[in-house]
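Take a look at the structure below.
The values are calculated or read from the model by the stated rules, or taken from the named source; none is laboratory data. Computed from a predicted structure; not experimentally measured. When we count neighbours, we look across all protein chains shown, and the Cβ atoms used for this are built from the backbone with ideal geometry, even at glycine. The area values use the complete protein model at the heavy-atom level, side chains included, leaving out ligands, DNA and RNA. Shrake-Rupley method; radii C 1.70, N 1.55, O 1.52, S 1.80 Å.
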Amino acid sequence: MEQSTSLNAAQRDFLQLLGHINTEEELDELRQVVSDYYARKAEEAMNHLWETGQWSKEKDEEILKTHLRTPYRYAK
C-alpha cells in the first residue's frame, strides 16, 4: 500500500530551497534566518497583545509567581 504525502506550497518551496544548501555553514545560516523570523513574529504578537490591552504587567507578575514545573515521582 503506497502512502502519499501532500505538501503545501510553502513546504514545497522550502524543500526546493534546501536543495541549494551545500555546506554546514549555509545550513547554519538558514537555521539562523528561520529562527530570527520566528523570534520576530513572536515579538510582534506579544507587542500586539500589549497594545490591545490583552497583556499587562500584572499578567507578567502572575506568570512569574505560577508554579509550572511538572512534579516528578521517582520510583523507590
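With every protein chain kept in place and ligands, DNA and RNA left out, what is the accessible area per residue of the chain? Probe 1.4 Å, answer in Å².
Values: 7720 Å² over 76 residues.
For the chain, the per-residue accessible area is 102 Å².
Measure off, as a whole percent, the carbon and sulfur share of the 1.4 Å-probe accessible area of the chain, all protein chains present. Could you put the intermediate results ahead of the total?
Values: 4110 of 7720 Å².
On the chain, the fraction of accessible area on carbon and sulfur atoms equals 53 percent.
Loop only by DSSP, 15 or fewer other Cβ within 10 Å of the Cβ. Give me the GluC sites (Glu not before Pro) in region 1-60 that pass, ordered by residue number. If you can, show how the numbers build up before the last one.
On the way: sites: Glu2, Glu24, Glu25, Glu26, Glu29, Glu43, Glu44, Glu51, Glu58; in loops: Glu2.
Those that pass, being in a loop and sparsely packed, are Glu2.
Tyr38 to Tyr72: FRET efficiency via 1/(1 + (r/R0)^6), r the Cβ-Cβ distance, R0 25 Å, to the nearest 0.05?
Working: r = 30 Å, r/R0 = 1.19.
So, using R0 = 25 Å, E works out to roughly 0.25.
Using the charge dipole of region 1-75 (Lys, Arg: +1 at Cβ; Asp, Glu: -1 at Cβ; taken about the Cα centre), state which of Tyr72, Ser56, Leu7 has its Cα farthest towards the positive end.
Tyr72
At most 10 other C-beta atoms within 10 Å and a DSSP loop state: those are the exposed chymotrypsin sites (Phe, Trp or Tyr not before Pro) I care about. Give me the longest piece of the chain that has none.
On the way: sites that count: Tyr72, Tyr74.
That would be 1-71.
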